[in-house]
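Nothing in this text is a laboratory measurement; each read-out follows from the coordinates by a stated rule. For clarity, every value in this text was computed on a predicted model and none was experimentally measured. Heads up, the Cβs are rebuilt from the backbone with ideal geometry, glycines too, and the neighbour counts pull from every protein chain shown.
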Amino acid sequence: MALAPMAKGEVKMSIWGHTADGTPVPIYTLSDGQIEVRVTAYGAHLVSIRTPDRNGKMADVALGYNNLAAYLVQPSSYIGAVVGRYGNRIALGKFTLDGKTYQIPVNNGANALHGGPKGFDQYVWQSKEIADGVEFTHVSPDGDMGFPGALTATVRYTLKGKTLRLDYTAKSDKDTVVNLTNHSYFNLHGDEQGNILDQKIQIDADRYTPVDAGLIPTGELAPVSETPLDFRKPEPIGARINADNEQMKRAGGYDFNYVLNGKMGELHLAAIVTDPVSGRTLTVETTEPGVQFYSGNFLDGSITGRYGVKYAKHAGFCLETQHFPDSPNHPSFPTTELKPGQTMHSTTTFTFGVEK
């Protein structure tokens, strides 16, 4: 039986818990029609997204945890977090800016991932309710995780109808680099049922950035044509995931930055995912030049989620809209540099629907 629609255009806040030092952590519930989204000030995490299937049955399509304590003890999972100061990888944790070399502590083999060992996902952001949503703000001091400049980052979550919109901004008092994204895992089956291999994905990209053995871009923009990475037409995620392809073997599945066809700075299509079982669909649009499609290759069952489900390999997929990995070390990539007086802006939308 279809559930009754939720309240339209509603935002509710409650205190979800406290950190070890006693800091209160708010959680916000956004609802509009039949979509309900929960986000928390801890790491600006996207906690849950409840949407209907083709029969109107509600289920959660975002992986997550029941309580704040689970997020506090498992920071390296990044599930639902806003990651920064630099989302994705920086080779050897090093980059040079204005003739000076900076070292970020490595936390992913020889490389720095998602801002280093203590990124933006592990802080309680300041929060305030806004029209249709919530705004989170985090101030990262000069030298935080080795990055130059005091950086003020904001992310706004707003829900209108079937579209969840994320608007990011950042300002710095010194030259720095920044790459903010959201690291949600989705499973359109809902309530974390089964894996995502039968769900079909289409990615609007003719090229991708090949990687070396450490999953660092080589600098090439290679065609997806005639490779298992070609999703210009909808294909099941699992159809070619075990292909005899060197890039696929290095990543253990899909963990690649796609060079989107749309114009950077303007909202354009990144990907469309459909679940033939439930009928649920997800359309992702962004102003960013790339999207990291990740098929949950490193999930290994050691994390237990909201419904007591152990998150095994391919329990969810990520579509992290972004600038390219390791851009500070690749001058030919779109720049991630941010100078004083400038404001970094980016927008990503997640629109949920159903196919009958």
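The figures follow:
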{"item": "For PHE231, distant residues with modelled amide H under 5 Å away", "result": "ILE203"}
{"item": "Modelled FRET efficiency - R0 41 Å, GLU226 with ASP191, Cβ distances, 0.05 increments", "result": "0.65"}
{"item": "Cβ crowding within 10 Å averaged over residues, with 136-148, 222-234 ranked highest first", "result": "136-148, 222-234"}
{"item": "Ordering of 292-300, 322-330 by burial proxy (mean other Cβ atoms within 10 Å per residue, highest first)", "result": "322-330, 292-300"}
{"item": "Dipole-positive endmost among VAL273, GLY9, VAL39 within the chain (Cβ charges, Cα centre)", "result": "GLY9"}
{"item": "Restraint check, LYS57/LYS356; LYS12/LYS128; LYS162/LYS263; LYS94/LYS249; LYS249/LYS313; LYS94/LYS313, Cα-Cα greater than 19 Å", "result": "LYS162/LYS263; LYS94/LYS249; LYS94/LYS313"}
{"item": "Under the Karplus curve 6.51 cos²θ - 1.76 cosθ + 1.60, θ = phi - 60°, whole-Hz ³J(HN,Hα) for region 146-162, x wherever Gly or Pro sits", "result": "x, 7, x, x, 7, 10, 9, 10, 10, 9, 10, 9, 10, 10, 10, x, 9"}
{"item": "Region 200-342 - charge dipole about Cα centre, Lys and Arg +1 at Cβ, Asp and Glu -1, debye rounded to 20", "result": "460 debye"}
{"item": "Point-to-point label distance, ASN297-ASN55, nm (Cα→Cβ direction, 7 Å offset)", "result": "3.6 nm"}
{"item": "Normalised contact order of region 200-342, rounded percent, pairs of Cα under 8 Å and 6 or more residues apart", "result": "21 percent"}
{"item": "Residues VAL177, VAL11, sorted so that the one with the fewest Cβ neighbours within 10 Å comes first", "result": "VAL11, VAL177"}
{"item": "Phi-based couplings in Hz for region 170-186 (Karplus 6.51, -1.76, 1.60; Gly and Pro marked x)", "result": "8, 9, 9, 8, 9, 4, 8, 10, 8, 8, 9, 8, 10, 10, 6, 9, 10"}
